[in-house]
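> Below is one structure. I have some questions about it.
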Amino acid sequence: MTVRASLLVAAFSLCAFASAAGCVERTVVRAGHLLDVETGKVLADQAIGIEDGKIVSIAPWNAASTGSHVLDWSAYTVVPGLMDMHTHLADEGQSADPAAPLKSNPGRDAFIGAKNARDTLRAGFTTVRDVGVFRGLADVTLRDAINAGLVPGPRMFVAGAYITISGGGGEITGLPAGTVVPAEFRLGVSDNEEEIRKHVDYLLDHGADFIKVIATGAVLAAGTEPGQSEYTEAQIRAAVEEAKKHGTFVAAHAHGAEGIKRAVRAGVRSVEHGSLMDDESIALMKQYGTWLDADIYNGDYIDTVGRQAGWSEEIMRKNLETTDAQRQGFRKAVKAGVNISYGTDAGVYPHGDNARQFAYMVKYGMTPLQAIQSATIDSATLLGKEKELGSIAVGKFADLVAVECDPLKDVECLREVRGVIKAGQLVSMD
């Protein structure tokens, strides 16, 4: 970071921190170009006024008020803070060792989560939905640490644990015979409707924001098959009903077509992965307004790095069986007008490269604007936070990202972030 940039950080942060104590002087970000994701328009030379972490004005630069602290991003295009609806920040990363999560400890996991959160925020992702951890409620702890200002990271909405059958896609499987898995790794293991309701209530009472149900087997869980359903429609509906009592929703891990259909008919908010979706399941998602959250880059990472690192033959087989099918289904879903959010499954691949998927979404049927909308206003709508997040607009949180190019012409450039602001505070990029 240059001396000039450091001074800008100091001046900008000073006002941001002072705002909490009643600073009335606004900060202005001068944007060389501003992308309005709701209209697709790019506005030149704009002044974005910020007070108390929120946007209070947007106007041409020559209308900016004098005497404000100014952050000069006139050389950049400014887009809303990006959003990833399928991450695993608070967990051990994927490796060839299925027992790796058990070999860690809560303290180490906390440091891993803090690093993952920092890397994600610096990559321009100011909000994430963290869709499950093996060590139950570790994501709640990380979210609360970020909210308390103890560690830098994105705004997190967390699931707390996985609602999964015994030995299913949300369990730690593939372990040596006789391995005992501690109870903290099995907080959501549920084999009937009564257990599902009890564990949904427990997770939401202990800080989870929403519920993640594992409706089918998983690519990365030994002994399970992605196309095989693991819960009935009635069982998934039980989770949806209990979550609704708490004013929240269910996201369903579902690769297989039948599992997708059961989840959609049961009323889930989103389908995660959707790898083996067929025409009927796509039509159902469109009919019910269900969101598709498909990690269509991930298969390439697993195929390359998984082979190099010696991941199991079973995982590599399942990855090959789902990757191209998922992408072709994604193309059909885009064409059918299904609601699509931006979800990467970061945690399987390294955190901080979340933007890599944009180019894949364009390759498989989206326009650059649609891909960016999926990671901004559309993801905010999935969360039910579209009045607070997802676009650069008066009254919303000041979540801003600076890039050097026009992402509507080169969406890949979203991987090269030059500056990040979350809730009015400039993120250190050194």
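> Kindly identify segment 283-430 as rounded, prolate or oblate by the Cα gyration tensor criterion: order the square roots of the eigenvalues as a ≥ b ≥ c, call it rounded if a/c is under 1.5, otherwise compare a/b with b/c, prolate if a/b is larger, else oblate.
oblate
> Something else: Between Ser374, Ser281, Ser166, which gets the highest mean-square fluctuation from a Gaussian network model of the chain, Cα cutoff 10 Å?
It is Ser166.
> In Å², and per residue, what accessible area does segment 280-430 have when probed at 1.4 Å with the other protein chains present?
39
> Now for a separate question. Quick one: Karplus J couplings for segment 89-96, per residue in order, coefficients 6.51, -1.76, 1.60, θ = phi - 60°, nearest Hz, x for Gly and Pro?
6, 9, 9, 4, x, 5, 8, 6
> Have a look at the DSSP beta bridges in the chain and tell me what percent are antiparallel, nearest 5.
45
> Which of the aspartates and glutamates could be linked to Lys115 by a straight reach, that is with a Cα gap under 18 Å, when you skip same-chain ones fewer than 8 residues away?
Once the sequence-local aspartates and glutamates are set aside, what remains near Lys115 is Asp84, Asp91, Glu92, Asp130, Asp139, Asp144, Asp345, Asp353, Asp430.
> Given a 10 angstrom Cα cut-off, can you work out which residue in Ala148, Ala346, Ala371 is the most mobile in a GNM of the chain?
Comparing Ala148, Ala346, Ala371 in the GNM, the peak value goes to Ala148.
> For Ser57, list long-range residues whose amide hydrogen, built 1.01 Å from N in the peptide plane, is under 5 Å from its own amide hydrogen.
Under 5 Å from the amide H of Ser57: Gly49.
> Enter the Cα centre distance for the pair segment 187-205 and segment 376-430, rounded to the nearest angstrom.
Cα centroid to Cα centroid, the span is 35 Å.
> Right, next: Within segment 274-430, how many Lys pairs sit with Cα atoms under 17 Å apart, leaving out pairs fewer than 8 places apart on the same chain?
Taking the Cα cut-off of 17 Å, the pair count is 10.
> Under 8 Å for C-alpha pairs, at least 6 residues apart: give me the relative contact order for the chain, rounded to a whole percent.
For the chain, the relative contact order is 19 percent.
> Moving on. Kindly write out, for segment 124-134 in residue order, the coupling ³J(HN,Hα) from the Karplus curve 6.51 cos²θ - 1.76 cosθ + 1.60 (θ = phi - 60°), rounded to whole Hz, with x marking Gly and Pro.
Going residue by residue, I get x, 9, 8, 9, 9, 9, 8, 9, x, 9, 6 Hz, with x marking Gly and Pro.
> Compute the distance from the alpha-carbon center of segment 305-352 to that of segment 80-148, in whole Å.
Value for the Cα centre distance between the two parts: 19 Å.
> Once the piece of chain linking Val42 and Ala148 is laid out straight, how much longer is it, given 0.36 nm per residue of separation minus the C-alpha distance between them?
34.7 nm
> Net charge within 9 Å of Tyr342 by Cβ-Cβ distance, Lys/Arg positive one each and Asp/Glu negative one each, not counting Tyr342 itself?
That sum, taken over residues with Cβ under 9 Å, equals -3.
> While we're looking at this one, here's another question. Among Pro60, Pro98, Pro350, whose mean-square fluctuation peaks in a Gaussian network model of the chain (Cα, cutoff 10 Å)?
Pro60
> Let me ask another. For Ala346, enumerate residues with amide H under 5 Å from its amide H, sequence gap 5+ or separate chain, H modeled in the peptide plane.
Placed amide hydrogens put His88 under 5 Å from Ala346.
> Let me ask something else about it. What spacing in nm lies between the two simple spin-label points modelled at Asp205 and Lys363, each 7 Å away from Cα in the Cβ direction?
Going from the Asp205 label point to the Lys363 one covers 4.7 nm.
> Using only Cα atoms, find the angle between the long axis of helix 257-266 and the longest principal axis of the chain, and express it within 0 to 90 degrees, rounded to the nearest 10.
Helix 257-266 sits at roughly 70 degrees to that axis.
> If you plug each phi of segment 360-374 into the Karplus form 6.51 cos²θ - 1.76 cosθ + 1.60 with θ = phi - 60°, what whole-Hz ³J(HN,Hα) values come out, in order, with x for Gly and Pro?
5, 5, 5, 4, 9, x, 8, 7, x, 4, 4, 5, 5, 4, 4
> If Lys and Arg each add +1 and Asp and Glu each add -1, what is the summed charge of the other residues whose beta carbon sits under 14 Å from the beta carbon of Thr173?
Counting the neighbours of Thr173, the net charge comes to -3.
> Report the label-to-label distance for Thr179 and Ser104 in nanometres (one decimal), using points 7 Å from each Cα along the Cα→Cβ vector.
1.5
> Check which residues have an amide H placed less than 5 Å from Ile340's amide H, if you skip close sequence neighbours.
The list, which skips near neighbours in sequence, is Leu292.
The values are calculated or read from the model by the stated rules, or taken from the named source; none is laboratory data. Source: prediction; values computed, not measured. Heads up, the Cβs are rebuilt from the backbone with ideal geometry, glycines too, and the neighbour counts pull from every protein chain shown. With ligands, DNA and RNA removed, areas are computed over all heavy atoms of the protein, side chains included. Shrake-Rupley method; radii C 1.70, N 1.55, O 1.52, S 1.80 Å.
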